[in-house]
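The values are calculated or read from the model by the stated rules, or taken from the named source; none is laboratory data. All values derive from a computational prediction rather than experimental measurement. Every residue, glycine among them, receives a Cβ derived from its backbone with ideal geometry; neighbour counts consider all protein chains shown.
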């Protein structure tokens, strides 16, 4: 991965950053990072916003544009949306619901195979994150100060489908709850379809 792609990846997985912050992450000078950002801006991949600070000048934070997000895999978004529309038109919403239930069962079986051999909750969540990462969700786990776990998905490869049929999102949340078992609660705390830059699930032992 070249430096420009690394910068785009960091903006995707870590959210808006200043040129100085990015420079430290990719081992460049601030000026070098700005050159890469300005080149990406010319291509329409990034934009910036000036954020007021309590003291001093505003800080310039760089973020991905829609075109920048589109650089990451989306599992053939246009075709997926067209197929969903056709299923609804030809067979009705009930048929779409049956398809989602079928997908849900297949996903649950895959995750159970992956998570099944893991032991304690942190290991099970890590195994689930690894399975989601393989599917293109750029998933990772963050341990929170209160001991809870945050399953973070920095990318949604089915976002286009979920926008036209939000039962996909409901289905995934229910699958996570069943796969991780009754020993924990799982709640979605961030949601891309609600305007967040990522999806995140808070997992707490009970």
- If you go through the range 41-53 one residue at a time, do you hit one that is farther than 20 Å from residue 172 by Cα, in the same structural domain as residue 132 (by TED's automatic domain parsing) and either crowded, with 18+ Cβ neighbours inside 10 Å or at pLDDT below 85 (or both)? no
- Item | Selection status of residue 75, modelled with pLDDT under 90, within 21 Å of the chain's Cα centre (by Cα) and at positive phi | yes
- Task: Test residue 105 against the stated conditions and say whether it is outside any loop (DSSP other than H, G, I, E, B), closer than 28 Å to residue 133 by Cα, assigned by TED's automatic domain parsing to the domain that holds residue 168 and free of Cβ contacts under 8 Å to residues at least 40 places away in the same chain.
- Result: yes
- Set 57, 112, 124, 61: member being modelled with pLDDT of 85 or more and outside the structural domain of residue 197 (by TED's automatic domain parsing): 61
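Just to be sure before I move on: is residue 157 at pLDDT below 80 and over 22 Å from residue 93 (Cβ atoms) in the structure I sent?
Against the criterion (at pLDDT below 80 and over 22 Å from residue 93 (Cβ atoms)), residue 157 qualifies.
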